Amino acid sequence: MEIIKGKSYKVKGKSEYFKKKYGTCNPIIKIEDKDTALWQGGWAVQQGNPGCMLFAMRSGFEHLPWGGTVWYGHIEINFPKGAGLGELVHESELEEVK
């Protein structure tokens, strides 16, 4: 599946991280861009970036693949001002919204 910037996808699987944080294992995320387009060297070499640190821990706990593309986007939940929280997701976690 081709991931397109600006498009929304469903996070698939049974992520306890997403369940605890958003009340569902499978939130909808609107993709902003690849991690490498946003941060020089990508998420893995960032120091002190909370989103990158959370993804590092989550990728270990949830056994996400090391290869492939990591995407950054915003979870689409009804926040007071309409802005969702930013998250990093591996391409293998995404599926089209039906």
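The values are calculated or read from the model by the stated rules, or taken from the named source; none is laboratory data. Everything numeric here is computed off the predicted structure, so don't read it as measured data. In this analysis, Cβ positions are derived from the backbone assuming ideal geometry, glycine residues included, and neighbour counts consider all displayed protein chains.
Tabulated data
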read-out: Matching residues in the stretch 14-50 - criterion: being outside any strand (DSSP E or B) and within 11 Å of VAL89 (Cβ to Cβ); value: SER15, TYR17, PHE18, PRO27, ASP35, TRP43
read-out: Residue in the stretch 3-16 that is at pLDDT below 95, among the hydrophobic types (A, V, I, L, M, F, W, C) and surrounded by fewer than 14 Cβ atoms within 10 Å (Cβ to Cβ) present; value: no
read-out: Residue match in the stretch 66-73 (condition: free of Cβ contacts under 8 Å to residues at least 24 places away in the same chain, over 13 Å from GLU87 (Cβ atoms) and either acidic (Asp, Glu) or part of a helix (DSSP H, G or I) (or both)); value: no
read-out: Among residues of the stretch 14-33, those that are touching a Gly at 6+ places or on another chain (Cβ under 8 Å), among the basic types (Lys, Arg) and within 22 Å of HIS63 (Cβ to Cβ), counted; value: 0
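The rows are residues; the columns are (1) in contact (Cβ under 8 Å) with a residue 60 or more places away in the chain; (2) β-branched (Val, Ile, Thr); (3) closer than 24 Å to LYS98 by Cα.
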{"position": "VAL11", "(1), (2), (3)": "yes, yes, yes"}
{"position": "LYS14", "(1), (2), (3)": "no, no, yes"}
{"position": "GLY23", "(1), (2), (3)": "no, no, yes"}
{"position": "ALA44", "(1), (2), (3)": "no, no, no"}
{"position": "GLY51", "(1), (2), (3)": "no, no, no"}
{"position": "MET57", "(1), (2), (3)": "no, no, no"}
